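What follows is a set of notes on a single structure, which appears directly below.
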């Protein structure tokens, strides 16, 4: 992609925007299996399969209609995309991983069925963190509050990647985020984690909850 290596290099966390949207969560067992593979596996190991998820049915005020978006999950290491988006960006996104079937329990009226979504399993793990200038990974989850990347090692040609130091989270590169924003608009929140452009200010807590 011609614009993949154009400056400035950028990395983001993606999640659904705040608003009247229905959220999707992986079920506990497949989520644990995914985290185990991300933490201890490698692209050569057998990839996890059998993913299932459920729509959030939390308290909703009477008369408020929650709609499903095409990027409905904020789980850091488990991006979920609509099949429409996956099909449109298949060639680009499959450079870094694969689309896995996702079984979704029946949701409220108006919520799309299981065949409408896929899990994006990001396999690319890239050693590009500037450890000297970054925050130390949290002991349990490995979460890095402030990440600074080495420009010469940054995977500008990939749409997304994971770090050896924080393997359970997906970082998205700038050009991929631009493409997704073109398609999803305000339904998608993009939190800047890092940029080589000092004029761009990173989000103060990119991995915080919604």
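Taken together, the values in this text are just the output of simple stated rules run on the coordinates, not laboratory data. Keep in mind that this is a model prediction, so the values were computed, not measured. When we count neighbours, we look across all protein chains shown, and the Cβ atoms used for this are built from the backbone with ideal geometry, even at glycine.
Length gain on complete extension for the stretch residue 18 to residue 67, per 0.36 nm per residue less the alpha carbon to alpha carbon distance? All intermediate terms of the calculation are to be shown ahead of the outcome.
Working: separation 49, 0.36 × 49 = 17.64 nm, distance 1.20 nm.
Net length gain for the segment: 16.4 nm.
Show me 11-22, 123-134, 75-86 ranked by packing, highest mean number of other Cβ atoms within 10 Å first. The partial results should precede the final answer.
Numbers: 11-22: 18.7, 123-134: 15.4, 75-86: 20.3.
Descending mean neighbour count gives 75-86, 11-22, 123-134.
Under 20 Å from a point 7 Å along the Cα-to-Cβ line of residue 40: which residues of region 140-180 have their amide N that close?
Once the point is set 7 Å along Cα→Cβ of residue 40, 140-143, 163-169 turn out to lie under 20 Å by backbone N, inside region 140-180.
What distance in nm separates the two pseudo spin-label positions at residue 94 and residue 138, each 7 Å out from Cα along the beta-carbon direction?
Taking the simple label geometry, residue 94 and residue 138 are separated by 3.5 nm.
Could you calculate the FRET efficiency of residue 199 with residue 178 from 1/(1 + (r/R0)^6), where r is the beta carbon distance between them and R0 is 30 Å, rounded to 0.05? Each step should come with its number before you reach the end.
Working: r = 17 Å, r/R0 = 0.57.
So, using R0 = 30 Å, E works out to roughly 0.95.
Using 0.36 nm per residue, how much length does the chain from residue 116 to residue 47 gain when fully extended, once their Cα-Cα distance is taken away? The partial results should precede the final answer.
Details: separation 69, 0.36 × 69 = 24.84 nm, distance 2.20 nm.
Taking residue 116 through residue 47 to full extension adds about 22.6 nm, to one decimal.
Treat region 138-203 as a sphere of radius equal to its Kirkwood radius over Cα pairs and apply Stokes-Einstein at 4 °C in a medium of 1.567 mPa s; give the translational diffusion coefficient in µm²/s, rounded to a whole number.
Details: Rh = 13.2 Å.
The calculation lands on 98 µm²/s.
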